[in-house]
Amino acid sequence: METEKAPRWLDDDEQRAWRTHLEVSRLLTYQLERDLQPFGLTYNDYEILVNLSEAEDRQMRMSDLARSTLQSKSRLSHQITRMENAGLVRRENCESDRRGLFAVLTDHGWETMTKVAPHHVASVREYFIDLLTRDELESLQRALTPVAKRLRSVRPRV
């Protein structure tokens with residue numbers, strides 16, 4: 001019989017750091033989502049628009065977009081359907097893979113992105129970037145890099 005290892009409980013400092021991270025993550029996401037509402041976009045919509053706007057030819061394979069946005073293929077498909085209905089994206093067949101589909105940013109999607117991006121960046125600055133010094137930002141980036149690296153390493157391939 002295998003003996004269970006006792007949990008390594010968080011000490012007070014670790015608990016405060018963890019709970020502060022959770023609170024900041026939830027509150028920041030909530031605020032950024034709220035700031036996108038006047039444009040008729042969700043945070044997920046915006047993330048998809050960013051990914052497509054930065055991709056070559058403003059298109060991505062649906063499977064790559066699902067991986068990039070941490071969504072299941074099914075959830076992304078529903079999301080893309082909603083965005084297609086709004087004229088922001090369209091689907092195109094992949095010539096090299098008959099089963100593959102591309103999500104493509106439409107002209108309307110690009111115009112929406114260029115209109116919304118300055119407002120989103122202003123929100124990111126107001127609620128995050130401008131509250132920290134350059135040294136604090138660099139320290140935060142250094143501190144979070146190994147966390148991101150670890151999480152990417154255990155993330156299942158979609």
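A short reminder: the numbers here are calculations on the coordinates, not readings from a lab. All values derive from a computational prediction rather than experimental measurement. As a convention, Cβ positions derive from the backbone with ideal geometry for all residues, glycine included, and neighbour counts pool all protein chains shown.
Cβ neighbours within 10 Å, averaged per peptide: list 119-131, 43-55 in order, most packed at the top.
43-55, 119-131
Do the sum for the chain: with -39,500 (n - 2.57) for every DSSP H run of n ≥ 4, divided by all residues, what is the mean residue ellipticity at 222 nm, to the nearest 500 deg cm²/dmol?
Using -39500 (n - 2.57) per qualifying helix, the result is -21000 deg cm²/dmol.
Can you give the Kirkwood hydrodynamic radius of the chain from its Cα pairs, in Å with one decimal?
18.3
So what's the convex hull volume per residue for the Cα atoms of segment 11-81, in Å³?
116
What residues qualify as long-range amide H neighbours of Gly100, i.e. H under 5 Å apart, gap of 5 or more or another chain, H built at 1.01 Å from N?
Close amide H contacts, sequence-distant or interchain: Cys94.
HN-Hα J couplings of segment 81-91 from phi, Karplus 6.51/-1.76/1.60, θ = phi - 60°, integer Hz, Gly and Pro as x?
Result, rounded to whole Hz: 4, 4, 6, 5, 4, 8, x, 7, 9, 9, 9.
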